[in-house]
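Some notes on the structure that comes next.
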Amino acid sequence: MLPCHLSLCSSLLQTECANYVRVLHPYNRTHLLACGTGAFEPVCGFVNVGHRGEHMFAMEPAGVRNGRGKCPHDPNRPFASTLVGGELYSGLTADFLGRDPVIFRSLGPRSAMRTELDQRLLQDPKFVAAHLIPDTDDKDNNKVYFFFTEKALESEGKSRAVYSRIGRVCANDAGGQRVLVNKWSTFIKTRLICSVPGPEGIDTDFDDLVDVFLLRTKDEKNPEIYGIFSTISNVFQGYAVCMYRMADIREAFNGAYAHKEGPDYQWTTYEGKVPYPRPGFCPSKITTQPSRPYNSTKDYPDDVLHFARSHPLMFQSVYPANQHPVLIKTNLQYKMTHIVVDRVDAEDGQYDVMFIGTDTGVVLKVIALRKGNAIKSEEVILEELQVFKVQCCPTSTLSQQLYVGSRVGVAQVKLHQCETYGNACAECCLARDPYCAWDGTSCTRYQPTGKRRFRRQDIWNGNPAHQCLDQNSFDSVEERVVYGTEDNSTFLECVPKSPQATVRWFIQRAVDGMKDECYVFRLNKTEQLHFRSASLRSLPFSVCAELEIQVY
């Protein structure tokens, strides 16, 4: 960032006159691509981090370049990018005033590519994520997918509704020869729906896409896509997590195009003849024929490009797997901001563990269990980790760590903390954490290759009576000596091992020696028993009982 940029930014009465890093991608084995806002004059450069094991972090002065089209001017504007084959694909507003929404391709040897300034393509979008997802084994069919929200032209009413979208472009798109020169010729999009079916066909829609995570599978062509959505209504506030499959996404993109004959007509499917090669298809072995060799989008006929320009929207929307969200949260005191998902092998199957970041600095560790033909999932909150305000949550499954980023720094958090679930088989089982199992002596990381005889785990039901019958751990009680002053206020603390548990307190009466449940003392949010005025009658022996009700 040059000093003149800082002076100009300050003279324009901007408050974010600093270089906020918005792009950080591995470029090769030794360098990172980094782009920042540069006090509203975006700038990019390459950072030398050396080979693995080397301690190096230095900017390459010769690699510093203009960052327009690669990074937004304003650090608060929504933005998404991904690096593919040395080329940067970015979704952003490319101008200072934020009036030029664009999907841009830059860097690399090819000419820069962008979308036209056309409301049919993008209307006031908020970009959330961008990912390369292969379509087939042919690399010429690779597509870059963009996830965003925008004002929908197909919505009814004077004020445009906001819809969540998934759009894509071919990675080998070169634009047209006479039409759409240096403009995307393969861009298409459709609506991404996350809703709860309601009575009489009235659904509760979560239309505002907040974050997206691609859960990679053994088949790189078919990742599972998790998204956080929020409601836009002022009447009902809530969040939902929906999961999508690539088969449903490809079905929508291979279906009918949306078409509107005129201002007074309804949106319908396009019934006319679709030109060849089909708009949205990449030039590849599929489109190349002996009589009609289409080796590049520059070879596409003009009628294909005109159709692509006028019909970017697909008619069929994409619905989540099982037609229902995997998680719904309402009336929250915080905002859900980011999601990361880890697929974990457990004794009774595989589970997708969701790590959800919030604006209060808490990271939720959650699993959702869908039993039988049930529409709704059972939500199990495994942990609530207080970190700080979350801005990003990448993971390293090899090192079993979650990296939580914010404006103040980066924190490294373990994906599992099995030792916190106590030293009893029942406590470990009741935690229902797919990462953890009882090994006969302690609650430890579950290992699929371990000895089956000593592994006790039941994520689906959390039934310690079945799992721990031969483990003599039910009567183990931790004892603590607490000193108090008579007639003064005293607190006794009890921290439950399982987030699903509730706490009750018992007091041993001096008369009969029995433990009666105590209702007269206040139990606050920190699970503490409060004696307003401690006495010899109340303090001799108090027992904290951790209760968890299971229905089988």
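The values are calculated or read from the model by the stated rules, or taken from the named source; none is laboratory data. Predicted, not measured: the structure shown is a model, and the values here were computed from it. Positions of Cβ are backbone-derived with ideal geometry, glycine not excepted, and every protein chain shown enters the neighbour counts.
Here is a yes/no grid of residues against (1) outside the structural domain of CYS242 (by the TED database); (2) within 23 Å of ALA80 (Cβ to Cβ); (3) charged (D, E, K, R):
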residue: LEU132; (1), (2), (3): no, yes, no
residue: ASP137; (1), (2), (3): no, no, yes
residue: ASN141; (1), (2), (3): no, yes, no
residue: TYR145; (1), (2), (3): no, yes, no
residue: GLU156; (1), (2), (3): no, no, yes
residue: SER164; (1), (2), (3): no, yes, no
residue: ASP173; (1), (2), (3): no, yes, yes
residue: GLY176; (1), (2), (3): no, no, no
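Across the range 60-101, which residue is modelled with the lowest pLDDT among those that are aliphatic (A, V, I, L, M) and touching a Pro at 6+ places or on another chain (Cβ under 9 Å)? Among them, the one singled out is ALA94. For the range 101-145, a residue qualifies if it is more than 16 Å from PRO72 (Cα to Cα) and assigned to a strand (DSSP E or B), and the qualifying residues are MET113, HIS131, LEU132, ILE133, LYS143, VAL144, TYR145. Per the conditions (1) surrounded by 15 or more Cβ atoms within 10 Å (Cβ to Cβ); (2) closer than 20 Å to PHE253 by Cα, the sole criterion not satisfied by THR337 is (2). The number of residues in the range 239-266 that are farther than 24 Å from ASN142 by Cβ and modelled with pLDDT of 95 or more comes to 7. The listed residues are THR204, THR190, THR149, and the only one of them that is β-branched (Val, Ile, Thr), at pLDDT below 95 and touching a Phe, Trp or Tyr at 6+ places or on another chain (Cβ under 8 Å) turns out to be THR204.
Go over the candidates ARG292, ARG309, ARG278 one by one and state the one that is in contact (Cβ under 8 Å) with a residue 40 or more places away in the chain and not small (Gly, Ala, Ser). Testing whether each residue is in contact (Cβ under 8 Å) with a residue 40 or more places away in the chain and not small (Gly, Ala, Ser) leaves just ARG309. In the set ARG110, ARG65, ARG120, ARG77, only one residue is assigned by the TED database to the domain that holds CYS170 and either touching a strand residue (DSSP E or B) at 6+ places or on another chain (Cβ under 8 Å) or among the aliphatic types (A, V, I, L, M) (or both); that residue is ARG120. Sub-9 Å Cβ pairs linking a first residue in the range 197-212 that is within 13 Å of ILE328 (Cβ to Cβ) to a second residue that is modelled with pLDDT under 80 and assigned to a loop (DSSP other than H, G, I, E, B), at least 6 apart or interchain, are PRO197/ILE375; THR204/GLY198; THR204/SER233; THR204/PHE236; ASP205/SER233, ordered by first then second residue. Got at least one residue in the range 259-272 being in contact with a helix residue (DSSP H, G or I) (Cβ under 8 Å, 6 or more places away or on another chain) and not charged (D, E, K, R)? Checked the range 259-272: no residue is in contact with a helix residue (DSSP H, G or I) (Cβ under 8 Å, 6 or more places away or on another chain) and not charged (D, E, K, R).
If you check ARG165 against the conditions, is it within 19 Å of PRO223 (Cβ to Cβ), free of Cβ contacts under 8 Å to residues at least 60 places away in the same chain and not in a helix (DSSP H, G or I)? Can you show your working first?
Numbers: within 19 Å of PRO223 (Cβ to Cβ): yes; free of Cβ contacts under 8 Å to residues at least 60 places away in the same chain: yes; not in a helix (DSSP H, G or I): yes.
In short, yes.
Confirm whether PHE46 is over 25 Å from ASN28 (Cβ atoms) and over 25 Å from the mean Cα position of the chain (by Cα). So PHE46 does not fit the description; no.
So which residues in the range 71-126 are among the basic types (Lys, Arg) and closer than 27 Å to HIS311 by Cα, if there are any at all? If you could, list the steps in order and put the result at the bottom.
First, the residues of the range 71-126 that are among the basic types (Lys, Arg): 77, 99, 105, 110, 114, 120, 126.
Across the range 71-126, the qualifying residues are ARG99, ARG105, ARG110, ARG114, ARG120, LYS126.
When each of PRO464, PRO499 is tested for being within 33 Å of the chain's Cα centre (by Cα), within 29 Å of ILE356 (Cα to Cα) and at pLDDT below 70, the lone residue that passes is PRO499. Given (1) outside any strand (DSSP E or B); (2) in contact (Cβ under 8 Å) with a residue 24 or more places away in the chain; (3) not acidic (Asp, Glu), identify the lone condition not met by ILE328. In the conditions (1) outside any strand (DSSP E or B); (2) in contact (Cβ under 8 Å) with a residue 24 or more places away in the chain; (3) not acidic (Asp, Glu), ILE328 misses (1) alone.
Output the number of residues of the range 349-395 satisfying the condition of being in a loop (DSSP other than H, G, I, E, B) and at pLDDT below 85. Explain how you work it out, then say what you get.
Here is the first cut: in the range 349-395, the residues in a loop (DSSP other than H, G, I, E, B) are 359-361, 370-377, 387-391, 393-394.
Adding the requirement that they be at pLDDT below 85 leaves 370-377, 387-391, 393-394.
Matching residues across the range 349-395 total 15.
Note on the range 273-304: residues that are aliphatic (A, V, I, L, M), touching a helix residue (DSSP H, G or I) at 6+ places or on another chain (Cβ under 8 Å) and modelled with pLDDT of 95 or more total 1. Taken over the range 187-233, residues that are in a loop (DSSP other than H, G, I, E, B), crowded, with 23+ Cβ neighbours inside 10 Å and of a type outside the set (Phe, Trp, Tyr) amount to 1. All of (1) touching a residue at least 40 places away in the same chain (Cβ under 8 Å); (2) more than 23 Å from LEU180 (Cα to Cα); (3) not small (Gly, Ala, Ser) hold for LYS139 with one exception: (1).
Rundown of residues vs (1) hydroxyl-bearing (Ser, Thr, Tyr); (2) surrounded by fewer than 18 Cβ atoms within 10 Å (Cβ to Cβ), yes/no style:
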site	(1), (2)
VAL64	no, yes
ASN76	no, yes
LEU83	no, no
THR93	yes, no
LEU97	no, yes
PRO101	no, no
MET113	no, no
GLN119	no, yes
ILE133	no, no
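It is to be established whether one or more residues within the range 71-91 are over 26 Å from ARG245 (Cβ atoms) and in contact with a Cys (Cβ under 7 Å, 6 or more places away or on another chain). Yes - at least one qualifying residue is present in the range 71-91.
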